[in-house]
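Report on one structure; see the data block that follows.
Where a number appears in this text, it was derived from the coordinates with a stated rule and is not lab data. No experiment lies behind these values; they were computed from the predicted model shown. All Cβ positions, even for glycine, are placed from backbone atoms using ideal geometry, and neighbour counts span all protein chains on display.
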Amino acid sequence: MKGRGYDPIRLSEVVEKQVIRPTLKMPLRRYYRFRYSKHYGGIYTADAVGCNLRCVFCWSYRYITNPNLGNFYSPEEVARKLVDGAAYYGVEKVRVSGAEPTIGREHLIALIDQLKHENVLFILETNGILLSEEAYAKRIANQDNVHVRISLKGGSPSTFHKITGACEEGFELQLEAIRNLARLDANFHVSAVVSFSTNDEIRSLLLVLKDIKDSLVTTFEPELVVLYPKVLERLMKANLKPLLALTPKGEIVRM
């Protein structure tokens, strides 16, 4: 890719070698914890290690930039922990969070397969960059037990670059993933980090989404950066000031 910033596709390849361990059966992946969360009305979560973006505001920054943290688990082990955790807390949704779950596609597909006959919905939280490859998007779209949430990093290529450090072309990869999932009639919706975007930029983004599929506008999910102490420290160091954000207690603040 051309332009300022790192290539997220290339970074995906580097990170995969660090967080995925091939075996004779299914690849193992690094995870650092399993937990219940109130998101989505209650969900049990596996927090993974490693990402193909370096978002300054990421709450999980330590685990996306330190690939040697956590322990390796097989898809079967992760599925069992998710199913048991969901049953314990009485919820029917599970997910992988804290990282980019599409890194290590065979591990992810195997995990989804392990969950197919369980009474849970797997929510795939992803930045979508690797789903810009139509063949990979198709493997996800064909899964009946998956809902995809694509999180756009900003509302334009320039904002994407500013808050992730990646080249601006990475934003178009995110949009191409959305186009792929729309063409494949996948079960998905789009969110976007809007803390650094003007109202005009958000309106322009919504027009782009409407052009892809009308329902993407009605299901659009705005995301606000949460100002955890370490996040605020990184934002100040990078001289980035969100227009809107959330305090750790969930209060909206203007900066």
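Among beta bridges from DSSP that stay inside segment 117-255, the antiparallel ones total about 15%. Would you check segment 8-223 for Lys pairs whose C-alpha atoms are within less than 20 Å, ignoring same-chain pairs closer than 8 in sequence, and give me the count? The result is 13. For the chain, the longest principal axis of the alpha carbon atoms and the long axis of helix 75-89 meet at an angle near 80°. Panel order for C51, C58, by other beta carbons found within 10 Å of each beta carbon, from fewest to most: C58, C51. The calculated FRET efficiency for the pair N142 and E106, based on their C-beta separation and a Förster distance of 22 Å, comes to about 0.90.
Backbone amide hydrogens, once placed in the peptide plane, bring F188 within less than 5 Å of V148, excluding anything fewer than 5 places away on its chain.
Put a plus charge on the Cβ of each Lys and Arg, a minus charge on the Cβ of each Asp and Glu, and nothing anywhere else: the dipole of the chain about its Cα centre is then about 760 debye. Here the Karplus curve 6.51 cos²θ - 1.76 cosθ + 1.60, taken at θ = phi - 60°, turns the phi angles of segment 190-205 into couplings of 10, 10, 8, 6, 9, 4, 10, 10, 6, 4, 5, 5, 5, 4, 5, 4 Hz, with x standing for Gly and Pro. The residue among A48, A135, V193 whose Cα reaches farthest toward the positive pole of the charge dipole of the chain, with charges on the beta-carbon of Lys, Arg, Asp and Glu, is A48. Sorted fewest first by neighbouring Cβ atoms within 10 angstrom, Y88, Y228, Y73 come out as Y88, Y228, Y73.
With an 8 Å cut-off on Cα pairs and a minimum separation of 6 or more residues, tell me the relative contact order of segment 177-236 in percent. That works out to 42 percent. Counted over segment 8-223, the DSSP beta bridges are approximately 35% antiparallel.
Amide H contacts under 5 Å for K93: Y44, L121, restricted to partners 5 or more places along the chain or on a different chain, H placed in the peptide plane at 1.01 Å from N. Segment 193-232 and segment 83-148 have their alpha-carbon centroids 23 Å apart.
Short-range pairs are left out: with C-alpha atoms under 8 Å and at least six residues apart, the relative contact order of the chain is 17 percent.
Can you give the angle from 0 to 90° between the axis of helix 169-183 and the longest principal axis of the chain, with both taken from C-alpha atoms, to the nearest 10? The helix 169-183 is inclined about 60 degrees to the chain.
FRET efficiency for the D214 to L244 pair, using the beta carbon distance and R₀ = 22 Å, is estimated at 0.25. Exposure proxy shown here: for T45, T164, T247, the number of other Cβ atoms within 10 Å sets the order, fewest to most, as T247, T45, T164.
Absence of a disulfide-compatible partner, taken as no other cysteine beta carbon within less than 4.7 angstrom, is noted in the chain for C51, C167. A run of the chain free of exposed loop cleavage sites, with trypsin sites (Lys or Arg not before Pro) counted only in DSSP states other than H, G, I, E and B and at most 12 other beta carbons within 10 Å, reaches its longest extent at 39-248. Extension gain, F34 to K237: 0.36 nm times the residue separation minus the Cα-Cα distance gives 70.0 nm.
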